[in-house]
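So the structure is just underneath, and the comments pick up after that.
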Amino acid sequence: MSRLDTLVGALRKFYGTLPTPPADPFQLFVWEVLSAHSVPHKRDAAVSALKRHRALTPDAMWRAAQKKLEDSVRLAGPYLEQRVNALRTGVDTFRRNPKLAVTVRGPLPAARKALKGMPQMGEGGAYRMLLFAADHCVLPVDARVSRVATRLGYGEKQATFSKTARAIREAVSAELPETVDAYRRAYLYLDHHGSATCTEADPHCHVCPLVTNCPEGKTRVS
C-alpha cells in the first residue's frame, strides 16, 4: 500500500462514506452547473426538483416549461439567469451531438476535445466528467485538491494553475493504482478534506487525521 493509499484510507475513516457525482454525462453536467456558487444541500434540492419534473435528459429539459425550470434551478441559490442560460446551452450541445456520451467514454484526447466549450465546466468539471461519467483514470484538480496535495508534498505550486495541476497529477499517478475506483476515491476525499478541514486561511490541523504525515501541518502545530 502506497503512502497516498494510506492517507486516503485515513480520510475515509475520518469522514465516512462520501456521495459521488452522477454517472450519467448530462446529469453530471447539470450537477456541475448547479454546484457553482452553491452548497451541497441547495444543489441537491435543485437536482431533486428537476428530477420530479422529469427534466434530467437533454430532450426533456429542452421541452421543460421555463417556469418549472427556473423554479427548480432557483433552489440552488443565486445566479439564476446564468445557470438557466448555461443549462440551455448545454442542452443544445448534447442534442446537437447525441453521441457525446459515447465520445467522452472513448479515447481520452477525443473525449477532452469534445468537452471543450461546455458552459460552466472548466478544466475541473471536464476532468470530473471524464472520471465519474466516462471511467477514465484522471484526477480532477481544483483549488481544494491542489491545496491538500501540495501541503502533503504531492507536486509544487507552479507559475500557473494548469502547470500546478499537471505536477500534482504526475505525483499522484505515481502512487495510485490504475483503477477508476482508486482515482475516484482519491479525488472525493482530497477534495472534501480541502473543503472541511484543510481550508485555505485557517486549516484545522489540530483535528486533521493526516497531520503526522503532512509537512506543512506539522509546522503549524509545532
Checklist entry - Is one or more of the residues making up segment 184-198 in a helix (DSSP H, G or I), within 28 Å of residue 129 (Cα to Cα) and among the basic types (Lys, Arg)? => result yes
Checklist entry - residue 165 versus (1) out of contact with any helix residue (DSSP H, G or I) (no Cβ under 7 Å at 6 or more places or on another chain); (2) in a helix (DSSP H, G or I): which is the lone unmet condition? => result (1)
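Per-residue answers, yes or no, for (1) open to solvent by 60 Å² or more (accessible area, probe 1.4 Å); (2) at pLDDT 95 or above:
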site	(1), (2)
2	no, no
7	no, yes
10	no, yes
16	no, yes
23	yes, yes
34	no, yes
37	yes, no
40	yes, no
Item to check | Breaking point among (1) modelled with pLDDT of 95 or more; (2) open to solvent by 10 Å² or more (accessible area, probe 1.4 Å); (3) among the small types (Gly, Ala, Ser), for residue 186 | outcome: (2)
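For (1) open to solvent by 70 Å² or more (accessible area, probe 1.4 Å); (2) within 18 Å of residue 1 (Cβ to Cβ); (3) more than 21 Å from the chain's Cα centre (by Cα); (4) modelled with pLDDT under 95, each residue gets a yes or a no:
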residue	(1), (2), (3), (4)
158	yes, no, yes, yes
167	no, no, no, no
173	no, yes, no, yes
177	no, yes, no, yes
182	no, yes, no, no
190	no, yes, no, no
193	no, no, no, no
202	yes, no, yes, yes
220	yes, no, yes, yes
Item to check | Pairs, first among the acidic types (Asp, Glu) in segment 133-162, second open to solvent by less than 40 Å² (accessible area, probe 1.4 Å), C-beta under 7 Å, six or more apart | outcome: 135/180; 142/124; 142/191; 156/150; 156/167
Next on the checklist: Just to be sure before I move on: is residue 67 among the basic types (Lys, Arg) and farther than 21 Å from residue 143 by Cβ in the structure I sent?
Outcome noted: yes
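The values are calculated or read from the model by the stated rules, or taken from the named source; none is laboratory data. Being a predicted model, the structure only gives us computed values, none of them experimental. We place every Cβ from the backbone using ideal geometry, glycine too, and count neighbours over all the protein chains shown. We work out accessible area using only protein heavy atoms, side chains counted, and drop any ligands, DNA or RNA first. Shrake-Rupley method; radii C 1.70, N 1.55, O 1.52, S 1.80 Å.
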